[in-house]
Amino acid sequence: MTDKINDVPDSNLRGSYIINFLYNKISIYTPLILFIFGISLYIRTVLPYDAVFRGGIVGFAADDAVFHMRLVENLLHNFPHRIWYEVFTLYPTGQTLHFGPLWTYMIAITSLILGAGSPTLELTRTVGAYFPGIIGALIVFPIYFIGRDVFDKRVGLLAAFMVAVMPGQILSRSIMGFSDHHAGEVFFSALFLMFFIMAVKSVKGKDISLNDIQNKNWNKLKPHVIISIFAGITFGLYMLQWSSGVFFGGIVAIFIVLQYIIDHMRGRSVEGLFLVSFITFLSAFPLVVFFVDPLNRFSAGRYSYLHILITLGSAVFFLFLGLLSFKIREKNIDKIYYPLTIAGIYAIGLVIAKLFVPGIFSSFQRFFSIFQPHTGGGLTIAEASPPTHQMIFGYASYPNNFGGSYPGIFEFVSTYYIALLAMVAIGALLIFRKWEPEKAMFLIWCITMFALTTAQNRWFYYYSVNVAILSAFIGIGILDIAGLKDISSRFRTLVSTPRSLQEFFTSDLPRHLLTALVVAIVIMVVFLPNFTIASRSTADGTIGSDYYLWHESLTWMRYNTPDPGLDFDAIYDRPPAGETFQYPDTAYGVMSWWDYGHVITYFGHRIPNANPFQAGIGGGTNHAPGASTFFTAQSEEAAGEVLWNLGVNNKSGSRYIISNAYMAYAILDVMGIWDGHDWTDYRTWAVISGQEQPIFKQYWYTSMEGRLHIFDGDALKHYRLVHESQANPYVRGGNEEKRCKALYNMLYNGNLQVEDTGYVKIFEFVNGATISGKAPDGATVKISNSIMTNQGRLFTYRQTATVENGTYSFVVPYSTLGPIPDETNFDTRPTGPYTITAVDVSKTVDVAEQDVLDGGTVTLDIA
């Protein structure tokens, strides 16, 4: 025997040893899933790196991402305490926050660890920028295990590959710089479903009885209990990632109740399901209970009693359902009474909630409202609108496709349609072949997420993981039909040495080539379009092209406007129920469109009147005061009334107004829709030079936004331009400025200078100084001044008045003598005194800043 072994060449022995070691000790799936993770991480962190770290500024996505960094930086200043009531937003009330704490603490604690307890601001922002990319890349692991446990390892592997390279919302919300909590939502919800499906599968077919539970048969129950605890912990972590994550408990509860009924009606024991469901929801309870605020009552959007009801209440309910099934079987009661009893409990519960606990009933209604599209102004929110064809498939055909979440080489083989086909196939398998609980749970999850996407396209970033697994299921099914599964099993049986590997590939070559062709087709259809578009779309990062213009403008505001008298790094207590925060007299609001509220808070350290929580917008059928009513007001007086209606402490609700070209030239009609107008009030079509073109109606120009941004506040009495950014004619809004002004001159006999001006403009709302005096009765009096902006741009401010009873009067917003200490240090100012002309007499007059601020009077007679 020894001689025969010695006759084998050493190279073959070494090769055989290595193959056997790898085969027996390391699964081939391990390096493959790690490789997929590497691809996902590369797409999300390496490709966008240059776009995010540029010019010494970390480029976060605007809106919620920058606000998350505000919370992180404040948490580090007050560790371990986090802001729950934000006074630096929604002036003059402040706002209770609904953001979950987990994302904030994860970034902050990582920064503390890497910074040895004292992280720099640069390190913290770098960690914050990387976080969504890393968490987004980690999503491949729970997706692999879900695919493995619902189907098999191959489906799990292909699903992980799919989700790693899938473009659209799941990618855009999980790349470097998009430091919102969305990547964490998807990761922890998938992790929860992964553990829960594992737990459900672990008790399938197991003889778990009530006696095992009562007698604490730990050896038998241990694996099921441990995995259920992990499911509960990850459910709790998911809710701490997103307070509205309670709805996921509803999805799982639908499956649990359905499975209870099916098991009971088929005469099977429900004790295993009871063990899993009870422990899962009970384990989630301790994580959320510490964050419940009684003032939130039964709110689904903030940590409230509803979170206790969904966790602890559901655990008790599932305990009751298990015992009810056991007692019905024990007493030989007809099985049909079990589902009837459950239906009766739900009906009675809804009636009781409606009559005595309306907060619970309202939360139940709101759960179903997420399946409905928004209306009115809410329909203009990009992520809340129903999906369009372009959102699903992209704006061009492959390979030039961009913008779609589910592209394909051909539309009919898009993963969007493949996923729908897969759901039908899985449903058919469950109904006509075999009911498998893990597949049922997976299908209910998929159907629910798909239903959500039909109302609001934002749910695509959730649904994409479902699409990845569903597409992988179909893809592997096609490969199995082509014989891949048989080849795989033959490979494991026949290949053990390098020689046998060679023999395997040379034998039955036509079949192997056919299989390779099918694999190539699957890769081209499923993988290639996604990877090509994903890798191309992440290179520019997540920041908008106006990001640095906003950063510059708001940094200027931070250091050149009066301090609002609040500590930006402090944490303020939430006011009692029914009350709002009491701001000091030094505080003031900054009016802008709600999209920009968080950047005003984060970069400017100032208090916006509206924010991306869709708060402070106003409008509606009652034309409530807010951003929409202010910017669409058709007169200075109407706009001023909005600001005073927002005011407290005997002053207006806003001291500064910030506009940008996107507001002025792209979405003014959107603001109007929020205030109950129709877009046709603002735009129409006209034939110009033989071509039909969209044009701006006069209503656009006479709005307050038009008067401020397009006309630079010319002729306004209480608004002055104090700072502007550089122009940006290459982005939406900025690219329409010259056209908008040229149309005004052509259609409405205007004389606007057709030029690109500051993309972001900051105006100050002031009392204005009154210039008055004697002049010939009935004469026309004109006042003007040349205004030089900080960008070196010159424009003319002017007003006209008619002398009545021998007296004229102007209210002007600009000081000609420069700024004064502790007030606005404006760098846009008149080049000299005002010139006042009546008949053929012209005189000049200076106006002091204090007179502008206090509403003082300057007298100048013209005779």
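The values are calculated or read from the model by the stated rules, or taken from the named source; none is laboratory data. Quantities reported herein were computed from a predicted structural model and do not represent experimental measurements. Glycine gets a Cβ as well: all are built from the backbone with ideal geometry, and neighbour counts include every protein chain shown. Quick note on the areas: whole protein, heavy atoms, side chains included, nothing else; ligands and nucleic acids left out. Shrake-Rupley method; radii C 1.70, N 1.55, O 1.52, S 1.80 Å.
Laid out as a table, the results:
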| read-out | value |
| --- | --- |
| Residues satisfying the stated conditions in region 45-56, i.e. open to solvent by 40 Å² or more (accessible area, probe 1.4 Å) and outside any loop (DSSP other than H, G, I, E, B) | V46, Y49, D50, F53, R54 |
| Looking only at region 657-702, and only at residues there that are polar (S, T, N, Q) and more than 30 Å from the chain's Cα centre (by Cα), the one that is farthest from T789 (Cα to Cα) | Q691 |
| Lone unmet requirement of (1) surrounded by fewer than 17 Cβ atoms within 10 Å (Cβ to Cβ); (2) in contact with a Gly (Cβ under 9 Å, 6 or more places away or on another chain) for E692 | (2) |
| Condition met for F326 (modelled with pLDDT under 90 and in contact with an Asp or Glu (Cβ under 9 Å, 6 or more places away or on another chain)) | yes |
| Residue pairs meeting the criteria (Cβ under 6 Å; at least 6 apart or on separate chains; first within 26 Å of M176 (Cβ to Cβ), in region 514-541; second at pLDDT below 70 and aliphatic (A, V, I, L, M)) | P529/I409 |
| Residues located in region 170-190, provided they are over 15 Å from F99 (Cα atoms) and either of a type outside the set (A, V, I, L, M, F, W, C) or part of a loop (DSSP other than H, G, I, E, B) (or both) | S172, R173, S174, I175, M176, G177, F178, S189 |
| Residue that is surrounded by the fewest Cβ atoms within 10 Å (Cβ to Cβ) [pool: residues in region 595-629 that are free of Cβ contacts under 8 Å to residues at least 60 places away in the same chain and either hydrophobic (A, V, I, L, M, F, W, C) or assigned to a strand (DSSP E or B) (or both)] | A624 |
| Selected residue (only one of R82, R70 is part of a helix (DSSP H, G or I) and at pLDDT 95 or above) | R70 |
| Single match in V858, V847, V852, V811 (criterion: part of a loop (DSSP other than H, G, I, E, B) and either buried (at least 16 other Cβ atoms within 10 Å of the Cβ) or modelled with pLDDT of 95 or more (or both)) | V847 |
| Residue check for D822: surrounded by fewer than 15 Cβ atoms within 10 Å (Cβ to Cβ), assigned to a loop (DSSP other than H, G, I, E, B), touching a residue at least 60 places away in the same chain (Cβ under 8 Å) and of a type outside the set (K, R) | yes |
| Single residue of region 263-287 satisfying the filter (touching a residue at least 60 places away in the same chain (Cβ under 8 Å) and open to solvent by 40 Å² or more (accessible area, probe 1.4 Å)) that is farthest from the chain's Cα centre (by Cα) | G267 |
| Failed item, numbered, when T632 is tested on (1) over 30 Å from D585 (Cα atoms); (2) open to solvent by less than 10 Å² (accessible area, probe 1.4 Å); (3) polar (S, T, N, Q) | (1) |
